[in-house]
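J.: Sharing a structure, written as structure tokens. Questions coming.
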């Protein structure tokens, strides 16, 4: 293995030198030898040498520091109690406790596990703050395998992010044989000579990686979790990630041990030191006690510490600016948003000259209007250039703004109304909020009243008039929407469809998304730009949230086929949509804001008591907190109410990654187009003909031509 990793990691020699020459603390021998004092000294030395770099220390020292933090027993019990009201909003908590047969993970009861942690705190079973917070993270949050369920405890998440300096890839050596694990850089340097990794820390490599990821990654599918562990061009393009095995994601708060031992196919071993990035200001940290005082404050961080921690954590977990450098392994786009999350490309070569690729790396963007316009331009220009086939690349797309998913669907199928269903769990907080909001909105007309506060309430989920029922019509009354529907011994609202006809939700620039969703509102004469049979969806398993809802509408309403890449080295089909299939999440801060606002308008003692349960303590004791508040329910489970999170739909075709796909994303696109449009083989599944595909070739070509001409002349100019 070639151990430079110069493009992706820090200088381990420099870190080793810093570790071996730690400065002596002026606070005395005890403080200088305390692990947190050692970390603090290394942080200060590296910041002095490189003020803008993220300091890094050996993982073992960081772990020792965390283990030295004393337990704040009373504060921990208060935190556990304060989390309960927020967790009650988790829409599928009853299904997490009792998942259906075939779900790949064991069931667990969020509230029973939380109660056990409280009992263990009272019984003094934790040896420090770290063991308590790790237990809380793993057994209340991570076991949910839910990208919308999140709580990062403060000591666990505010200071350290663990890393391995060894990005990996999972590739098939011939495109047909089961994939093997290799070092990313070895494949980049010489793919043919790169040796496969057979074991990690003495365990089968694939099994180790699957188990490590399954501890915390927020996906409901094991193949998706496996894929997320490896480098991919799409994930690097949108997140600058090199795979969760190396860094980032929810596993970054799990200690990977001091070293990682890799055994290669030739029986040789390579030992790598694991490290931890320091994402906070450690000024004043001299031991575990001072660490706790600084980062586990029930009143929140000081303004300076909050600013520094938020800024450095953002570098670990959010999307970087890509406006100045392009994307590794991607060609120059024909059109792109400034943040590069939506873009399009034409394929070249025999069998691909009529193919356009629209890449949607994310549905969170700086400008929704620009996102919409770029997609419109991509489709219009493709029609004008004679491109009749479309690859929709949804790799790395973990969701975002709901309106963008619906808008994309209607741009492809302007005459089909998206009919995705969802529902809310009727927690005490949700129902009390609905009562208050609908009382406030009595007699309110958003068409003539410009009261911004009431307009905000009008578009909220607590207003029965904000959504449509299953038939796509307004709910006629509060009872029609909020009358309880019992599933899994849990009360839910009626099934709901999003209402994009109201400009207060979309086109209103004060309260809405500031775009009009295509196909809603103003009359439109846009024609369908592509035949359904000439569209293929491309996945890597990450697709989540609104990406999953978009995918379900494209699959069930338009009959679009799909290709899923990668997966574990197990033969057979895999899911394309492996991320959370929940319909909506809320940050705990948003829930608190709702509850605080409605407390001022409470009209009953019960309402006031419910709203008063929501304190700021969990917000102050975490670096991020989120909850899945709305289940998606597919039409084939309307009767039994099973959330989409627990429904498996395999992609039509499975392909393996190959070495060229690690450096050139067009090889991935061509592989998907080849199976979709050129009858190439899949390693599992295949493209079954649709009725439209039975048209004779000359008629198909004629229909394509008519579609392109119609779209080109009826769509508006961007």
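Readers should treat all values here as calculations from the given coordinates under stated rules, not as data from a laboratory. The structure presented is a predicted model; accordingly, all values stated were derived computationally and were not measured. Reconstructed Cβ throughout: ideal geometry from the backbone, glycine too, with neighbour counts over all protein chains shown.
J.: Counting C-alpha atoms alone, how compact is the chain: give Rg to one decimal and Dmax as a whole number, in angstrom.
T.: 26.2, 86
J.: List residues of segment 656-673, by number, whose backbone nitrogen lies under 16 Å from a label position 7 Å along Cα→C-beta of residue 176.
T.: 656-658
J.: Taking the highest mean first, how do the peptides 223-235, 148-160 order by number of other beta carbon atoms within 10 angstrom per residue?
T.: My ranking of the peptides, most packed first, is 223-235, 148-160.
J.: Continuing with the same structure: Show that you can apply the helix-only estimate: for the chain, add -39,500 (n - 2.57) for every DSSP H stretch of four or more residues, divide by all residues, and state [θ] at 222 nm to the nearest 500.
T.: Helix-only estimate at 222 nm: -10500 deg cm²/dmol.
J.: How do 607-616, 420-429 rank on mean C-beta neighbours within 10 Å, highest first?
T.: Highest-to-lowest ranking by the protection proxy: 420-429, 607-616.
J.: For segment 451-584, rounded, prolate or oblate, judged on the Cα gyration tensor with a ≥ b ≥ c (square roots of eigenvalues), a/c < 1.5 rounded, else prolate if a/b > b/c?
T.: The shape class here is oblate.
J.: Determine the percent antiparallel among the DSSP beta bridges restricted to segment 489-632, to the nearest 5.
T.: On the way: 5 of 10 bridges.
In segment 489-632, approximately 50 percent of DSSP beta bridges are antiparallel ones.
J.: Right, another one. Using only C-alpha atoms and all pairs of different ones, pull out the Kirkwood radius for segment 630-689 in Å with one decimal. Don't skip to the answer; put the middle values down first.
T.: On the way: mean 1/r = 0.0715 Å⁻¹.
One decimal place: 14.0 Å for the Kirkwood radius.
J.: Note down the relative contact order for segment 327-387 as a percent, whole number, built from C-alpha pairs under 8 angstrom at least six residues apart.
T.: 32 percent
J.: Pull out the extension gain between residue 416 and residue 122, defined as 0.36 nm times the separation in residues minus the alpha carbon to alpha carbon distance; nm, one decimal. It would help to have the intermediate numbers written out before the result.
T.: On the way: separation 294, 0.36 × 294 = 105.84 nm, distance 5.69 nm.
Stretched out fully, the residue 416 to residue 122 stretch lengthens by 100.1 nm.
J.: Another one. Distance in nm between label sites at residue 190 and residue 664, each 7 Å beyond Cα in the beta-carbon direction?
T.: That separation, rounded to one decimal, is 2.1 nm.
J.: Take the Cβ-Cβ distance between residue 478 and residue 501 as r, set R0 to 30 Å, and report the resulting FRET efficiency rounded to the nearest 0.05.
T.: 0.90
J.: If you don't mind, another one. Pop a pseudo-label 7 angstrom from the Cα along the beta-carbon direction at both residue 48 and residue 593 and give the gap in nm to one decimal.
T.: Roughly 4.3 nm, to one decimal.
J.: Which whole-angstrom value gives the distance between the alpha carbon centres of segment 539-569 and segment 247-274?
T.: 31 Å
J.: Provide the packing ranking of 261-267, 65-71, i.e. peptides ordered by the mean count of other C-beta atoms within 10 Å per residue, highest first.
T.: Descending packing order for the listed peptides: 65-71, 261-267.
J.: If you take the beta carbon distance between residue 688 and residue 635 as r and set R0 to 25 Å, what does 1/(1 + (r/R0)^6) give as a FRET efficiency, to the nearest 0.05? Please report the intermediate quantities before stating the final value.
T.: Details: r = 21 Å, r/R0 = 0.83.
Calculated value: 0.75.
J.: Right, next: Cα centroid distance between segment 182-216 and segment 335-354, in Å?
T.: Between the Cα centres of segment 182-216 and segment 335-354 lies a distance of 31 Å.
J.: Could you work out the relative contact order of segment 64-126? I mean the mean sequence separation of Cα pairs under 8 Å and 6+ apart, divided by the number of residues, in percent.
T.: Contact order relative to length: 37 percent.
J.: For the pair residue 570/residue 293, report the inter-label distance in nm, with labels modelled 7 Å from Cα in the Cβ direction.
T.: Label-label distance for residue 570 and residue 293, simple model: 5.1 nm.
J.: Report the gain in length on full extension from residue 369 to residue 77: 0.36 nm times residue separation, minus Cα-Cα distance, nm rounded to one decimal.
T.: Roughly 100.5 nm would be gained on extension.
J.: Can you tell me what share of the DSSP beta bridges in the chain is antiparallel? A percent to the nearest 5 is fine.
T.: The antiparallel fraction comes to roughly 75 percent.
J.: When only alpha-carbon atoms are used, what values of Rg and Dmax, in angstrom, describe segment 46-115?
T.: 19.6, 56
J.: Further question: How high is the relative contact order of segment 163-208, in percent, with contacts defined as C-alpha pairs under 8 Å that are six or more residues apart? Walk me through the numbers on the way to the answer.
T.: Working: 52 pairs, mean separation 12.0, N = 46.
So the answer I get is 26 percent.
J.: For segment 120-170, what D do you get in µm² per second when you plug the Kirkwood radius from alpha-carbon pairs into Stokes-Einstein at 4 °C and 1.567 mPa s?
T.: 100 µm²/s
J.: When N counts the residues of segment 395-506, how does its alpha-carbon radius of gyration compare numerically with 2.2 N^0.38 Å, as a ratio?
T.: Values: Rg = 15.2 Å, N = 112, 2.2 N^0.38 = 13.2 Å.
Taking N as the residue count of segment 395-506, the ratio is 1.15.
J.: Set the Förster distance to 30 Å, then compute FRET efficiency between residue 471 and residue 604 from the Cβ-Cβ distance, nearest 0.05.
T.: Rounded to the nearest 0.05, the efficiency is 0.35.
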